[in-house]
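To keep things clear, I will list the structure first and then write my remarks on it.
The values are calculated or read from the model by the stated rules, or taken from the named source; none is laboratory data. This structure is a prediction, so every number in the text was calculated from the model and none was measured. Cβ placement follows ideal geometry from the backbone for every residue including glycine, while neighbour counts extend to all protein chains displayed.
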Amino acid sequence: MCALVRTFSHDRMFLHGGEDVRLSKESYLENLDPEQLEAVLKSSGRSLIIAGPGSGKTRVITYKLAYLLQCGVKPSNILLVTFTRAAANEMIDRARRVTGQDLEDMTAGTFHHICNTFLRRYASKMGLMNNYTILDQEDSKSLIRHARAKIVGRSGEKKRFPSPSVLRSIFSFSANTLVSIREAVLKRNPSHYNFITQIEEIYKEYTLEKRNQNCVDYDDLLVFAVSLFEQDDRVRQREASRFKWILVDEFQDTNILQLKLVEYLASVHENITVVADDSQSIYSFRGARYENVRDFMSVPNTSVFRIQTNYRSTDSIVNFINAVIPSGSIPKKLRSVKKNGVKPRVVKTWDRYEEAGFVVEEIQKLLNEGFDPREIAILYRSHSHSLEIQVELAKNQMDFRVLSGLKFTETAHIKDIMAFLKIIHNVRDKISWIRVARLFPGIGAKTASRLADHAFEKAKEGASILEIFDSFLSKKSTSLKQLRELLQGISEIPEVAGKIDFILKEFYAEHLRDTYADSKDRQMDVETLIEMASRYSSLERFLTDLTISEDFNNTDHESKLTLTTVHQAKGLEWDVVFILSVNPGDFPSAYALMDGKMDEEERIFYVAVTRARKRLYIINQTLRNYDLSLPTRAADFVERIPSDLAIFDSVL
DNA sequence: GTCTGTAATCTTTTT
DNA sequence: GATTACAGAC
């Protein structure tokens, strides 16, 4: 297909005005450096691009995409898989600008998005109705909580029995690594092994309820998509035929299911390019295995490209980065392009308050120097490490945005509104019924769950909202009547935005006023949600996007500092980066120290350090809240830093 | 049954 | 230090 395969073997000739006139005229390729260019142009068939941090991975994929389009590959024949929806959008935007082509028909997004589109299409094959709802983390936990209560009951046995969150992580780990529940418990939480029979029962109950209520969780999206292709070869053939080209970013963070999926989808045309940096694999807790990179590479005829130049950071920072390459990485040494940088600073403070004080003071200096606040970021291992700094910033009236922590879509008021919509979309969704019913005065846990059970049974018989309420035995309280009217009203309004507006006006605004001190802010959030909804005509699309893509959370940016966990900082970069609380027990986390799992922490630290373009600050504290009798030195990232690569400071 | 106050329980990272 | 389970008042 397209001239690619032919031209590739003959290398640069082609670039310097070889056969393909159309492309050689395009100046955009000149924006790439030789090693990037090679990766873009020469990779066809199966190829793996191992690219270090700051090597312009996004640019490589974007230009590869543009190049394919220029070669005449139709957008509908391309699959682009990225780690976040935002990353896909960014690449598409750039490729659109470069090529001037309309990319509407391209399939792009995260694995979860892509699996969801397959699942909607083939839902019935998998025993689902295509109006299934996707459970987010919290909904999934609620469902597990119910299943848990059913199995463990109210007896004293409950003590030390794994909590819903722990159970969820066990189930999720099992799904994403293709191991049994038994093995998952042994691997992750061996101390819970004596509860194994109950855990297995809860898992059964949870799975059954998900099916009954026509719900899938995040893991199911992947699991179902994989088994769809495994079970039906015709479906696999049909879908794989469509994708003449597949591009996958952040491949080191894929799990075994995602690897399988990619292999299925590439099985017809075998044109697949994956980009990876094994040192940046930081999602093992959700099944990511950087061994995928090795497995992918070990298939015959896979070509491997390496980009080891770092275009992002100054030489001083790159030298520092080279000194903290995680153990177990594929050996690498990054080259820098930007010269005369400032050495990273390692600053010792007393406690988290002093740390916050120092950071704010230093930021003020940087702003005076002329740095743009949008180009300054504060990173930390855990969201809880950010509280003191948030207070300190607020005290000094400095604007900031927080990417970590409670997301817009996770706040109680947004979840309430969503629950109304979810009922309309999938009447069997008990979790939403319970959530909604409890908002009304006089309806508590008991009535709510009786109503949910009733609605569920009636829905199976195909009853309407009105019929569900009419046959609900309980005394016709005013609350129930109001709920009935409300749901009926929502279902009659066609537009998504109109539905939400109706909920707000008829009921929710008042509810907010009665229950929250900050009801004004919350109402404004709901109004934002209406604004978002106005861009959607399909309720299903709206619900899906809101639970599956986080684009909605990264709102305005204007002249603000950024605060975020390292995990959420992946793929981003700033001129100035502060890394907070680099002490054993905080970063690396206490968890990792206990389990001796330092390798992943090293990679997280590596990701953090590599976000900085010009200035890098590493802050730690003398007052350790984690007292180690264990070897602290090995666990202390600061202790490992060679003395000539940073400036060591103390504000004590 | 609902609502409210108090005691116990953890405590990462997220699509 | 916040969430959640539970006991007791209504």
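So A:V179 fits all but one of (1) within 24 Å of A:D253 (Cβ to Cβ); (2) part of a loop (DSSP other than H, G, I, E, B); (3) within 15 Å of DNA strand B (Cβ to nearest atom); what number is the exception? Failing condition for A:V179: (3). List the pairs whose first member sits in the range A:159-175 and is free of Cβ contacts under 8 Å to residues at least 60 places away in the same chain, whose second member is within 12 Å of DNA strand C (Cβ to nearest atom) and of a type in the set (V, I, T), and whose Cβ atoms are under 7 Å apart, counting only residues at least 6 apart or on separate chains? Short answer, once both residue conditions are applied: A:F161/A:V152; A:P164/A:I144; A:L167/A:I144; A:R168/A:I144. If we scan the range A:211-218, do we find a residue that is within 16 Å of DNA strand C (Cβ to nearest atom) and surrounded by fewer than 21 Cβ atoms within 10 Å (Cβ to Cβ)? There is no residue in the range A:211-218 that is within 16 Å of DNA strand C (Cβ to nearest atom) and surrounded by fewer than 21 Cβ atoms within 10 Å (Cβ to Cβ). The single condition among (1) free of Cβ contacts under 8 Å to residues at least 24 places away in the same chain; (2) of a type in the set (A, V, I, L, M); (3) in a helix (DSSP H, G or I) that A:I423 does not meet is (1). When you look at A:N292, is it touching a helix residue (DSSP H, G or I) at 6+ places or on another chain (Cβ under 7 Å) and over 18 Å from A:M91 (Cβ atoms), yes or no? Taking the combined requirement at face value, the residue satisfies it. Provide a single number: the residues in the range A:344-361 that are in a loop (DSSP other than H, G, I, E, B) and modelled with pLDDT of 95 or more. So the count comes out to 1.
Is at least one residue of the range A:405-419 away from DNA strand C (no atom under 16 Å from the Cβ) and aromatic (F, W, Y)? No.
Considering the conditions (1) of a type outside the set (D, E); (2) over 30 Å from A:A569 (Cα atoms); (3) touching a helix residue (DSSP H, G or I) at 6+ places or on another chain (Cβ under 6 Å), A:R85 is excluded by exactly one of them, (2).
Identification of helices (runs of 4 or more DSSP H) wholly contained in the range A:58-152 with 2 or more residues that are at pLDDT below 90 and within 16 Å of DNA strand C (Cβ to nearest atom) yields A:137-152.
The C-beta contact set for the range A:89-113 (first residue in contact (Cβ under 8 Å) with a residue 24 or more places away in the chain and under 11 Å from A:L79 (Cα atoms), second residue more than 16 Å from DNA strand B (Cβ to nearest atom) and among the aromatic types (F, W, Y), distance under 8 angstrom, 6+ apart or interchain) comprises A:T107/A:F243. Quick check: anything in the range A:188-195 assigned to a helix (DSSP H, G or I), out of contact with any Asp or Glu (no Cβ under 9 Å at 6 or more places or on another chain), closer than 22 Å to A:L221 by Cβ and away from DNA strand C (no atom under 16 Å from the Cβ)? Yes, the range A:188-195 has at least one match.
Within the range A:441-461, being surrounded by 16 or more Cβ atoms within 10 Å (Cβ to Cβ) and within 8 Å of DNA strand B (Cβ to nearest atom) holds for A:I443, A:T447, A:A448, A:R450.
Counting only residues that are under 16 Å from A:S284 (Cα atoms) and either in contact with a helix residue (DSSP H, G or I) (Cβ under 6 Å, 6 or more places away or on another chain) or buried (at least 21 other Cβ atoms within 10 Å of the Cβ) (or both), the range A:581-592 holds 2 of them. Selection within the range A:111-140: residues that are among the polar types (S, T, N, Q), surrounded by fewer than 21 Cβ atoms within 10 Å (Cβ to Cβ) and within 16 Å of DNA strand B (Cβ to nearest atom). The member of this set that is nearest to the chain's Cα centre (by Cα) is A:Q137. With the condition kept exactly as written, say whether any residue in the range A:516-525 is more than 21 Å from A:I424 (Cβ to Cβ) and surrounded by 18 or more Cβ atoms within 10 Å (Cβ to Cβ). Yes, that holds for at least one residue.
Scanning the range A:529-551 for residues that are touching a residue at least 40 places away in the same chain (Cβ under 8 Å) and β-branched (V, I, T) returns A:T544, A:T547, A:I548. All of A:L580, A:L504, A:L563, A:L512 fail the test of being at pLDDT 90 or above and more than 30 Å from A:A635 (Cα to Cα), apart from A:L504. Of all residues in the range A:144-153, those that are closer than 25 Å to A:T409 by Cβ and surrounded by fewer than 22 Cβ atoms within 10 Å (Cβ to Cβ) total 2.
Scan the range A:527-555 for residues that are farther than 20 Å from A:V402 by Cβ and either modelled with pLDDT under 90 or surrounded by 16 or more Cβ atoms within 10 Å (Cβ to Cβ) (or both) and the total you get is 11.
Consider the range A:27-57 and keep the residues that are among the β-branched types (V, I, T) and assigned to a strand (DSSP E or B). The one that is surrounded by the most Cβ atoms within 10 Å (Cβ to Cβ) is A:I49. Within the range A:286-326, how many residues turn out to be more than 25 Å from A:K614 (Cα to Cα) and among the hydroxyl-bearing types (S, T, Y)? Adding up the residues that qualify gives 4.
Listed by first and then second residue, the pairs linking a residue in the range A:393-405 that is part of a strand (DSSP E or B) to a residue that is at pLDDT 90 or above and β-branched (V, I, T), with Cβ atoms under 6 Å apart and 6 or more places separating them unless they lie on different chains, are A:R401/A:T562.
When the range A:223-240 is filtered for residues that are touching a helix residue (DSSP H, G or I) at 6+ places or on another chain (Cβ under 9 Å), more than 11 Å from A:F118 (Cβ to Cβ) and without any contact (Cβ under 8 Å) to a residue 40 or more places away in the chain, the ones remaining, listed by number, are A:E230, A:A240.
Only residues that are at pLDDT 90 or above and either of a type in the set (V, I, T) or in contact with an Asp or Glu (Cβ under 8 Å, 6 or more places away or on another chain) (or both): list them for the range A:285-303, please. Of everything in the range A:285-303, those that are at pLDDT 90 or above and either of a type in the set (V, I, T) or in contact with an Asp or Glu (Cβ under 8 Å, 6 or more places away or on another chain) (or both) turn out to be A:A288, A:V293, A:V299, A:T302. With respect to (1) more than 16 Å from DNA strand B (Cβ to nearest atom); (2) modelled with pLDDT under 90, the lone exception for A:L480 is condition (1). Within the range A:198-209, is there a residue that is away from DNA strand C (no atom under 16 Å from the Cβ), closer than 25 Å to A:Y264 by Cβ, at pLDDT 90 or above and crowded, with 21+ Cβ neighbours inside 10 Å? Within the range A:198-209, not a single residue is away from DNA strand C (no atom under 16 Å from the Cβ), closer than 25 Å to A:Y264 by Cβ, at pLDDT 90 or above and crowded, with 21+ Cβ neighbours inside 10 Å. The set of residues in the range A:387-398 being surrounded by 21 or more Cβ atoms within 10 Å (Cβ to Cβ) and within 13 Å of DNA strand C (Cβ to nearest atom) is empty.
Here's the yes/no breakdown for (1) closer than 22 Å to A:V342 by Cβ; (2) assigned to a strand (DSSP E or B); (3) out of contact with any Asp or Glu (no Cβ under 6 Å at 6 or more places or on another chain); (4) among the β-branched types (V, I, T):
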{"site": "A:Q568", "(1), (2), (3), (4)": "no, no, yes, no"}
{"site": "A:V576", "(1), (2), (3), (4)": "yes, yes, yes, yes"}
{"site": "A:L593", "(1), (2), (3), (4)": "no, no, yes, no"}
{"site": "A:E602", "(1), (2), (3), (4)": "no, no, yes, no"}
{"site": "A:F605", "(1), (2), (3), (4)": "yes, no, yes, no"}
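Among the candidates A:S169, A:S180, A:S227, A:S191, the residue that is surrounded by fewer than 20 Cβ atoms within 10 Å (Cβ to Cβ), hydroxyl-bearing (S, T, Y) and within 26 Å of A:V607 (Cβ to Cβ) is uniquely A:S169.
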